[in-house]
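Structure, as structure tokens:
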Amino acid sequence: MKRFSLLFLSALMPLWLMAGVTTYTFTSKTWASKVGATVCDGTTDGWICDKAAYEYTAGRTDASGRLYSCGVGVKTTTTGAGATSVIEFTDVRRVTINFCQNSSKGKGTIYVQVGNNSPDSIVVNRPAASGEGVYNRDSIVFFETPQSGHIKFWVDCKENGIYINTISIRSASGGSSTFTMDTYQLVTDVNLLQDSDQVIFGVYQEGVNYIMGYFDEWESVNNIHAIKGRYSADRMQVDADDRAIYTLRIRTLNGAPAYVFQDELRYEEAYLVASGGQTKNRLALWTDVVDEKTYGNYGYWSIAIENGGEAVITNLGNSRAKIIQYNASNNPTLFACYQDRSQTPVCLYRKTEAIGDVPAIVAPMVNFGTTLELNGAKTIEVNANLLTEDITVSHSNPEIFSVSSTLLDRDGDNLTISYQIPGCVDCDPTGHYTDTLVFTSGEVRAEAVVLLHVERTRSVAEAVQSLDNATVYLNEVVVTKKYDKYIYVRDETGSMLLFDRGNGTGSWYGSGLKSGDPLTGVTGRFINYFGVPEITPTAAFRVGQNREIQPEQAPEIVDSIDVCRYLVMDSVVVNNWTELTYNGRTYAVDNKFNLPSFDTGVRTRAFVIVSWDRDVLTLYLIKQERYSTEGLDSATEQSGRRLVIRNGIVEVETENGRYTLQGEKIF
């Protein structure tokens, strides 16, 4: 076995262009622009400023993902601001302007002129609803007869401001489509993988823009570090990066397919292996795939694809930690092997060779995933190449799904797919719905699958019966106790744990939570972690108005069915830092809440969280309360009093009746 140091790095070659479409994004009030990430120079590409505007704003996205307040501003004092393209475009068929306004004001006219042809105009009125003007949206100028020449635009503003964000030009001189070049596409079916495929490991979680890098001893000898990756908006594609490319080899092991990942670009004979043995979470690069003495077949892997792209890549060797996952909580973040699916899942991107200059349509899978919503929508980009007719759209499940258009442009277009579930989700016990989109242009045909799983919310009692790694949505729960990443919750049916690993970007879902906070919208992956039922949240949840939370009275015998409960135990004797006695039974204790001291050797009331550590029922001591004797002495001065235990509660029995240890008379 041999480990490696880095030999070389190759340059990143991004792919930006779309079929027949050139999109310019403006970056300053002088109409400086870029195409993709490439900044135009204003000499060979870009725009020549005819009249400068007054400001540029980078914009943001709201909670639903809508872009707002992004672009170059033209107001009444700068009316007429605009620019002319450096490039002459051939056979321009349409120009799309992406713009926004002020919140409730902003009106005027946007003019577009191609060559010496007459200018066309887009009239901009005040927003129909207050507040909607800030959202960027498209307006399109169509040319029935294609036009050629330099593109010129300008804005005459009559009120407040109009902000120009992008201009997209469909023309015969537009760039080639990404799918007619080598690209890395999301693997949605393990049968798509072929021997000698070039693959990239990505992260199967929206917003986490990392990919798995190369093996480098300067970074880590035990894991593979993460590097920044650039994903398409729908995450169906990732840009090529020579620092992240591995070669897939398909072999047979024990009569079944087995996969080997070779890093031949940097090290030739070098393979990904799970090298953690029985105690460590490790992923490394070594020179062989079999180690008979210790690690077994540690260079062989199985691959399963779930949820339209989540890759479960499991090692076939002897190490206890087998599943490749992304660890967002480590600093720096990394890819490693883990015993269970407790970290952020990964996905695979496979290099797709160039189709070449042939008529083609490519549309991605539409995967709504698992959701609680009974209606929703998703917009995809349909690419096309060398078509002479527009693209017709049809589908087979109109009862559930609908499309925004049945006719798309022959150079490609956006298409919005919506769904509406009639009635309650329980009408279909599975909650699974599918459709097939069919795209046709002359003799060219393509299909795209639509997947949707509508889930119902579950009580804690129902959730804890789930299979490991199932996605679970909870009814409202309330926080009983929180420390570090551990959030204990309950509803009227039971208690469980939320183990907060964050969103993959260094932020925690449960930051700032406290006891008594009600939570709604809790969703995540369930696992019974060695006796502790827990969910790892995969999305932000909502926090309601805090309310007082009371512990439950402990039963006479605390057992495994009480795991995760917040209990109060009467007449407890804490023997030492590791055990206590309750009703004549000894229980393990752990000072998870970092109490500075324990009252030992005396009877107290103890507040605990019940857990299950290393196959041992363990009580996490939250606090102790000493019993007061002041009221008891005045109420029971007579002789003959004695202590008795009823239902696990210590009482004082006298000639005049029964009292609590606080001196309150029971009867």
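Readers should treat all values here as calculations from the given coordinates under stated rules, not as data from a laboratory. Just so it is clear, the model here is predicted, and its values are computed rather than measured. We place every Cβ from the backbone using ideal geometry, glycine too, and count neighbours over all the protein chains shown.
Straight-line reach only, C-alpha to C-alpha below 29 angstrom: list the lysines that K75 could link to, leaving out same-chain residues fewer than 8 apart.
Reachable lysines: K29, K34, K51, K105, K107, K152, K158.
Going through the range 374-443, which GluC sites (Glu not before Pro) have at most 14 other Cβ atoms within 10 Å and a DSSP loop state?
Hits after loop and neighbour filter: E389, E399, E443.
When we measure straight from the Cα of K280, which aspartates and glutamates land under 16 angstrom away, once same-chain ones fewer than 8 places off are left out?
Leaving aside aspartates and glutamates fewer than 8 places away in the same chain, those within reach of K280 are D340.
Ignoring everything except DSSP H segments at least 4 long, calculate the 222 nm mean residue ellipticity for the chain; use -39,500 (n - 2.57) per segment, divide by total residues, nearest 500.
Taken over the chain, the calculation gives -500 deg cm²/dmol.
Counting other Cβ atoms within 10 Å, keep those with at most 13, restrict to DSSP loop, and tell me which trypsin sites (Lys or Arg not before Pro) in the range 541-578 are left. Spell out each step's value before the answer.
Details: sites: R542, R547, R565; in loops: R547, R565.
Answer by residue number: R547.
Going by average Cβ density within 10 Å per residue, which order do the peptides 137-146, 365-374 take, highest to lowest?
By packing density, highest mean first, the sequence is 365-374, 137-146.
Taking 0.36 nm per residue of sequence separation and subtracting the Cα-Cα distance, how much length would be gained by fully extending the chain between Q550 and E373, in nm to one decimal?
60.4 nm
So, in nm, how far is label S121 from label V39 when the simple model puts each one 7 Å beyond its Cα toward the Cβ?
For S121 paired with V39, the spin-label model returns 3.7 nm.
So, R0 is 45 Å and r is the distance between the beta-carbons of N414 and V290; what FRET efficiency does that work out to, to 0.05?
0.35
Quick check on the range 552-626: take the gyration tensor over C-alpha atoms, sort the square-rooted eigenvalues as a ≥ b ≥ c, and tell me if it's rounded (a/c under 1.5), prolate or oblate.
rounded
Roughly what % of DSSP beta bridges within the chain run antiparallel, to the nearest 5?
Beta bridges within the chain, antiparallel portion: roughly 95 percent.
Starting with the fewest neighbours, write out R126, R605 ranked by other beta-carbon atoms found within 10 Å of each beta-carbon. If you can, show how the numbers build up before the last one.
Details: R126 15, R605 19.
With the fewest neighbours first, R126, R605 line up as R126, R605.
Hey, can you grab everything whose amide H is under 5 Å from the amide H of L253? Only 5+ residues off in sequence or another chain; H modelled, so Pro and N-termini drop out.
A258
Quick one: if you stick a label point 7 Å off each Cα along the C-beta vector at K485 and S404, how many nm between them?
3.9 nm
For the chain, what does the alpha-carbon gyration tensor say about shape, rounded, prolate or oblate, given a ≥ b ≥ c as the root eigenvalues, a/c under 1.5 as rounded, and a/b over b/c as prolate?
Prolate.
Quick query: amide H of R230 versus all other amide H atoms, modeled in the peptide plane; which residues come in under 5 Å with a sequence gap of 5 or more or a different chain?
The answer is D239.
Could you please report the charge total around N125, scoring K, R as +1 and D, E as -1 over all other residues with beta-carbon less than 14 angstrom from its beta-carbon?
+2
Under a 5 Å amide H to amide H cut-off, with H placed in plane at 1.01 Å, what residues pair with S495 once short-range neighbours are removed?
For S495, whose amide H was placed from the backbone, there are no distant partners under 5 Å.
Tell me whether the range 508-569 comes out rounded, prolate or oblate; compute the Cα gyration tensor, take square roots of the eigenvalues as a ≥ b ≥ c, and use a/c under 1.5 as the rounded threshold.
Because a/c hits 1.5 or more and a/b fails to exceed b/c, the range 508-569 counts as oblate.
What chymotrypsin sites (Phe, Trp or Tyr not before Pro) in the range 157-266 are in a loop by DSSP, with at most 11 other Cβ atoms within 10 Å of the Cβ?
Answer by residue number: W218.
Leaving out same-chain residues fewer than 8 places away, which lysines sit with a Cα under 23 Å from that of K623?
K481, K482, K485, K514, K592
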